[in-house]
Amino acid sequence: MRVALISTSIFALCCSSNVRAEAVLPVNPSPYLVGAITRNMFRVPKPDQDLVLLSAHRGSWEVYPENSAHALQDAWNSQIEAVEVDARFTADKEVILSHDYRMERESTGTGFLYDQNYSQVQQADLRDRHGRVFKDSRGRNAKFMTFSAALDLLAQYVTDDGHGYVMIIDVKGAVDEQDPTDPIELTQRCLDILAAKKNPKLSKAVVFKLKAKDAVDIGTFLNRTTYDPNVIGGLIIVENPDDQNVKESNYDPHEDTIYDQWNVAPFPVQFEMNQFYKGDGLQAYLDYVDQKQGFATYHESNYYPEGVANSAGKCCFEHNTDPRSVAHGGIVPDYRGEPEMAIVNRTNLITTDWPDVVADMLRQLGRRNTSKLNR
């Protein structure tokens, strides 16, 4: 099975676009060492540690379209040490960056991504989070990025002396019975694309993230991929409750068999603090009628071999952030913890829609000593 998987991936690699991505914004050199970022990401957390890492969720998508070249570069140029992006297959097995499996919210396109070839997807223009078709100051539209192009952008920040930033790849699995996506095949495809760059420094700047139910188990995952923690930056496996469980008020993640399989470590490696508010299109997409506004958060535990993780929060607290919104309290039910847990408990990394705001909070708490990333 593994041989067939790798052969399929290599065939798709040969057929994909080899056009190198050009920077859409100036490339500001990184003051951080990539090795220091990943080393701090996957260490055993301590109660008195003075550095919590930040990851820009889908890039700077408060300003630019999510998962776009503009969003990625803006985050890195703002000295946010990592960005988290989402990887999906198109019908012809091109790997593109997209959180949604449908095109409508993110772009001017329509339909399912897994039903459309890359050439069709490229005809769409990206929208910002308020649904407006994006044009930059030079009048350029933003397009769906390939994973290969995103690596080319990252490579322009990664230097021979080890400086640069990190990209966390959230590998998306099948969303319905018609979606043929095999997330382990998708991971292997990403590994093939990364290997084809023949850039060891770049490889170390890439971290992969999968859901536990998609990875099945570590043995299966390692058997079906060429993943090697000594070659790339790391691996995070995440256990999230499925949508129906999230909506059920009596859901207890400790009774979930997948949760029990992965919940073997007492400390978190990552929190997510993601902002939802009226007007950004996410409420309609997720179909959570009471998800109005605020931060939805969860944390993940570090285990194997570079950071197997799972969500373990059991409550959610709203924090109003957008003065334009008229929504009243509550994004319940969403068992994803509370923002304060990211500070009170031990954690290595916060992935957030507002990295600049969270960075200020961490500095005030003495938890943002980025000088550790220079050595």
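Can you check what the net charge comes to around M361, using other residues whose Cβ is under 9 Å from the Cβ of M361 (Lys, Arg +1; Asp, Glu -1)? List each step's numbers first, then the result.
Values: positive: R363, R367, R368; negative: D360.
For residues surrounding M361, the net value is +2.
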Can you list residues whose amide H is under 5 Å from S55's amide H, if they're 5+ apart or on another chain and H is modeled 1.01 Å from N? I350, T351, T352
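Quick one: length gained pulling D48 to R375 fully straight, 0.36 nm per residue minus the C-alpha distance?
Values: separation 327, 0.36 × 327 = 117.72 nm, distance 1.95 nm.
Net length gain for the segment: 115.8 nm.
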Between beta-carbons, use under 11 Å as the cut-off and find the net charge around L53, counting Lys and Arg +1, Asp and Glu -1. +4
With segment 167-225 reduced to its Cα atoms and the Debye formula applied, log10 I(q)/I(0) at q = 0.18, 0.21, 0.24 1/Å amounts to -0.66, -0.86, -1.04
Taking just the alpha carbons, could you work out the radius of gyration and Dmax for segment 151-194, both in angstroms? 14.4, 47
Restricted to Cα positions, what overall size does segment 66-221 have along the principal axes? Three whole-Å values, descending. 47, 44, 24
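Per residue, how much accessible area does segment 21-173 have with a 1.4 Å probe, in Å²?
Details: 5260 Å² over 153 residues.
Per residue, segment 21-173 has 34 Å² of solvent-accessible surface.
Order these peptides, 136-146, 189-199, 364-374, by their mean beta-carbon neighbour count within 10 angstrom, highest first. Present the calculation step by step, with values, prior to reporting the outcome.
Working: 136-146: 16.1, 189-199: 18.7, 364-374: 14.5.
Put in order of decreasing packing, that is 189-199, 136-146, 364-374.
List, in the order given, every pair from K93/K201; K143/K209; K93/K372; K135/K211; K46/K197; K46/K198 whose Cα-Cα distance in the structure shown is over 32 Å.
Numbers: K93/K201 26 Å; K143/K209 24 Å; K93/K372 40 Å; K135/K211 34 Å; K46/K197 36 Å; K46/K198 36 Å.
Checking Cα-Cα distances, K93/K372; K135/K211; K46/K197; K46/K198 exceed 32 Å.
The values are calculated or read from the model by the stated rules, or taken from the named source; none is laboratory data. This one's a predicted model, so the numbers in the text were calculated from it and none came from an experiment. Reconstructed Cβ throughout: ideal geometry from the backbone, glycine too, with neighbour counts over all protein chains shown. The protein model used for the area step is the full one, side chains on, heavy atoms only, and it has no ligands, DNA or RNA in it. Shrake-Rupley method; radii C 1.70, N 1.55, O 1.52, S 1.80 Å.
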